[in-house]
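The values are calculated or read from the model by the stated rules, or taken from the named source; none is laboratory data. Keep in mind it's a predicted model, so treat the numbers as computed, not measured. Note: ideal-geometry Cβ built from the backbone for every residue, glycine included; neighbour counts use all protein chains shown. To get the accessible areas, we keep the full protein, side chains included, count just its heavy atoms, and leave off ligands, DNA and RNA. Shrake-Rupley method; radii C 1.70, N 1.55, O 1.52, S 1.80 Å.
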Amino acid sequence: MSVLEETKFLMKKYHINANKNLGQNFLVDDDVVDNIVSSANIEPNDLVIEIGPGLGTLTARLLEKANKVIAIELDDKMMPILEERFHLYHNFELIHQDVLKVDLKQKIEENKEKVSDIKIVANLPYYITTPIIMKLLEEHLPVESITVMIQKEVADRLTAIPGKKNTGAITYCISYYCEAQEILLVPNTSFIPSPEVNSEVIQLTIRKEPPVIVKDENFFFRVIHASFMQRRKTLLNGLANNGIASKETLKKMLNDLQLDENIRGEALNLSQFAQISDYLSK
């Protein structure tokens, strides 16, 4: 049975419609499903954390590959479907909760002795992509990789090179924590109902060490976010307007670091933001 036939069967059997409030669009393209699972490079001893399993399309493939799959689902209507569909699998655990509220460190700690690597796989709702990804990174989870399908426009920003086209504050955060790679463009016709935009599968491979060393990581990210809160502003005005430092201090910093007074945040690379952060944190 194809993924499309399987999805239509489950939707009819359980009287399911996609929940727009939760950003649901059901993936029905067999090739895309195969590509996601293949790209995630799941080994027999791996623990996989799947965020938003929905009807269980990806879950079924992941359970065949992994030592254990922990699926985190928010939608009440999906719970009986997932419970019935996978109740015979010894390597399946289902958590009915908002992933932003789940103590992932604890879940990993409970399972780490039984597995070799931990990998995260997800088809993320567009409206909450960034908060979920930042939670996964900022908690410094012992995770090898994050393979996610997200809106194409967001994917472009996450995988951009800092200081180049499509750069945003999230670009620098991703580059600090991960090596980002584009995997597969997914047209909107691969879903039911079809969203208005295309998606893309990307993979974030977690760095063992960050590419730059900073004195204060929290302040480093504050500086980056402040630089992009008013994109048309210069770096000087952006940092001053968001309370990072006075204009006098910022002008001296730019002069000392040999940076143009009219430079914008999106023109800087990660090392330059590290220099600015360390300078201002003194």
Exercise. How much length is gained on full extension from Asn188 to Tyr14, taking 0.36 nm per residue of separation minus their Cα-Cα distance?
Worked result: 60.2 nm
Seminar exercise, completed: Here the equivalent ellipsoid of the chain, derived from its Cα gyration tensor, has semi-axes (largest first, whole Å) of 40, 20, 15
Problem set entry | Relative contact order [Cα under 8 Å, 6+ residues apart], the chain, whole percent | 15
For this session: Work out from phi, with θ = phi - 60° and the Karplus expression 6.51 cos²θ - 1.76 cosθ + 1.60, the ³J(HN,Hα) of each residue of the stretch 137-147, listed in order in whole Hz, and give x for Gly and Pro.
Result: 7, 5, 7, 6, 5, x, 10, 7, 8, 10, 10
Exercise. Mind ordering 224-235, 119-130 by average Cβ neighbours within 10 Å, highest first?
Worked result: 119-130, 224-235
For this session: Could you tell me the accessible area of His140 in Å² (1.4 Å probe, neighbours in place), rounded to the nearest ten?
Result: 110
Exercise. Relative contact order for the stretch 2-142: what is it in percent, counting Cα pairs under 8 Å that are at least 6 residues apart?
Worked result: 25
Exercise. Nearest-5 percent of antiparallel DSSP beta bridges in the chain?
Worked result: 45
Seminar exercise, completed: Violations at 27 Å Cα threshold for listed pairs Lys135/Lys251; Lys20/Lys152; Lys114/Lys208 -> Lys135/Lys251
Seminar exercise, completed: Tilt, helix 270-280 to longest principal axis of the chain (alpha-carbon atoms), in degrees rounded to tens, equals 50
Exercise. Round to a whole number: what % of the accessible area of the stretch 94-155 belongs to carbon and sulfur, probe 1.4 Å?
Worked result: 47
